[in-house]
Amino acid sequence: MSVLSGKNIILGVTAGIAAYKSAFLTRLLIKKGANVKVVMTPASKEFVTPLTLSTLSKNEVYSSFTIEDDDNAQWNNHVDIAQWGDLFIIAPATANTMSKMVSGTCDNLLLAVYLSAKCPVYYAPAMDLDMYKHPSTKDTFKKLNDFGNFQIPAEVGELASGLSGMGRMAEPQNIVSFVEKNILDQLPLKNKCILITAGPTYESIDPVRFIGNHSSGKMGYALAEAAASLGAQVKLISGPVSIKTNNEAIQVIHVSTAEEMYKASHEFFNNCDIAILSAAVADFTPKTVASQKIKKGKDCLTLELTKTKDILTSLSKIKKRQFLVGFALETQNELENAKTKLKKKNLDLIVLNSLNDQGAGFKINTNKITLISKDNKIIPYEVKSKKEVAFDILKYIIREIHV
Ligand code: CTP
């Protein structure tokens, strides 16, 4: 899945011959799963029609501050458009528009959106080779880049003038790749490996039955998706759950028993930077597994159970650089129990869930957590979706590992 998937992208089109490529760019962005709104300068409509771009973007195209029809006038609010965008890509960016972006001139809707935009702005210059080489253009690039805009380098090739050289707008595919790479490079968990355990474990009693628990894996999978979206490579060690992921940054290692989860966790831990153990691991497992289905002949059945290995404690004993996070699911004396686990298991952070809290617990889509840090800082959160909770936990970890 592309990092552009689900992103709101404002595509700014200015009056250069390369504007015809904006149609291809729009199509590529839509194919990546982005939502696209096109803002055109009035003159760019000479090069590509708003109808083409609105059809491809599946959205209205904006090119003036107002739209007037017979009955009423509608204001195209530049601030609303700017705030809608997660990214603003201006392609092609002509010398004229770029110099106005530098000076703060605001004589069309596109420039008003640019001045209002708080999101990252990318611009893909397009002009003839001598214009491109001109010191004033170089100065424009420098100023635009100093403002924090991202320049998508022009390419060498045939130009509309018939000359050949540097100045062609980057090909739409290259613009998309540039933006994707730029976003990935800035993600806070880039180059980090995160190990996450999720779901329940099943401890077999006989070929038919097992000891399990109500964990659905939703919290662990939400953590994995959130970590991947922040740039991490994720090793998700999952007990038996019905959730799936097709995120390429998440490698799912399917396990069933506590012993299998222990082995998989140890296999991947050394190469990881962060480990978050959210699985509900069985504390006990049958001492022997009956080879045949146990018949109900007797009135009473006693199962002998032995303790499973505590994965979290075992990892804390071998940890080096890793930031180690545990979960504590409690039903009474919540804070005290969680603090004890934090200390006993030598963790950097523990995530407390109380089954007494409304909105927390198994199978549901929300959770209510309290984070407790190594130095006993207590940070309570409101009830939130498990997705939001995942981001809260990761944001906290990111702050901690970057200090
Ligand atoms: N955990 C683990 N291995 C186990 C048991 C638990 O890694 N065999 C981890 C869980 O994934 C969780 C943390 O330890 O991150 C705390 O789990 P929890 O079930 O709340 O606590 P326990 O240590 O099992 O203690 P108790 O059941 O007595 O509360």
Open item on the list: Please go through the stretch 149-170 and give me each residue that is closer than 22 Å to L25 by Cβ and either open to solvent by less than 60 Å² (accessible area, probe 1.4 Å) or of a type in the set (K, R) (or both), ordered by number.
Closed with: N149, F150, Q151, I152, A154, E155, G157, L159, G167, R168, M169, A170
Task: Number of positions in the stretch 281-298 that are away from the ligand (no atom under 16 Å from the Cβ) and either outside any loop (DSSP other than H, G, I, E, B) or hydrophobic (A, V, I, L, M, F, W, C) (or both) - done: 3
- [ ] Give the number of residues within the stretch 71-107 that are open to solvent by 20 Å² or more (accessible area, probe 1.4 Å) and either assigned to a helix (DSSP H, G or I) or more than 27 Å from S177 (Cα to Cα) (or both).
- [x] 21
Open item on the list: I'm trying to understand the selection: among the residues of the stretch 332-345, which are near the ligand (Cβ under 9 Å from one of its atoms) and either touching a helix residue (DSSP H, G or I) at 6+ places or on another chain (Cβ under 7 Å) or touching a residue at least 12 places away in the same chain (Cβ under 8 Å) (or both)?
Closed with: A338, K341, K344, K345
Task: Answer residue from the stretch 383-398, given it is of a type in the set (A, V, I, L, M) and open to solvent by 20 Å² or more (accessible area, probe 1.4 Å) and is nearest to the chain's Cα centre (by Cα) among those - done: I398
- [ ] Would you check which residues across the stretch 347-361 are over 17 Å from D392 (Cβ atoms) and away from the ligand (no atom under 12 Å from the Cβ) and list them?
- [x] N356, Q358, G361
Open item on the list: buried (at least 24 other Cβ atoms within 10 Å of the Cβ) and within 16 Å of the ligand (Cβ to nearest atom): which single residue out of S215, S238, S256 fits that description?
Closed with: S238
- [ ] For the stretch 265-277, name all the residues that are within 12 Å of the ligand (Cβ to nearest atom) and either part of a loop (DSSP other than H, G, I, E, B) or open to solvent by less than 20 Å² (accessible area, probe 1.4 Å) (or both).
- [x] S265, F269, A275, I276, L277
TODO: Test A124 against the criterion of being under 21 Å from K7 (Cα atoms) and either out of contact with any Gly (no Cβ under 6 Å at 6 or more places or on another chain) or surrounded by 16 or more Cβ atoms within 10 Å (Cβ to Cβ) (or both), and give yes or no.
DONE: yes
Task: Lone unmet requirement of (1) open to solvent by less than 80 Å² (accessible area, probe 1.4 Å); (2) under 19 Å from L189 (Cβ atoms) for E248 - done: (1)
- [ ] Could you check, for the stretch 298-310, whether at least one of its residues is at pLDDT 95 or above, surrounded by 13 or more Cβ atoms within 10 Å (Cβ to Cβ), more than 26 Å from E203 (Cα to Cα) and not charged (D, E, K, R)?
- [x] no
Task: Cβ pairs under 8 Å, 6+ apart, first in the stretch 194-208 and within 19 Å of I237 (Cα to Cα) and touching a residue at least 12 places away in the same chain (Cβ under 8 Å), second in a strand (DSSP E or B) and among the polar types (S, T, N, Q) - done: I194/Q233; T197/S238; A198/S238; G199/S238; E203/T285
- [ ] Would you mind stating whether G326 is open to solvent by less than 40 Å² (accessible area, probe 1.4 Å), more than 15 Å from the ligand (Cβ to nearest atom), within 29 Å of the chain's Cα centre (by Cα) and of a type outside the set (K, R)?
- [x] no
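The values are calculated or read from the model by the stated rules, or taken from the named source; none is laboratory data. A quick note: this is a predicted structure, and the numbers were derived from the prediction, not measured. All Cβ positions, even for glycine, are placed from backbone atoms using ideal geometry, and neighbour counts span all protein chains on display. Just the protein is used for accessible areas: all its heavy atoms, side chains included, with ligands, DNA and RNA removed. Shrake-Rupley method; radii C 1.70, N 1.55, O 1.52, S 1.80 Å.
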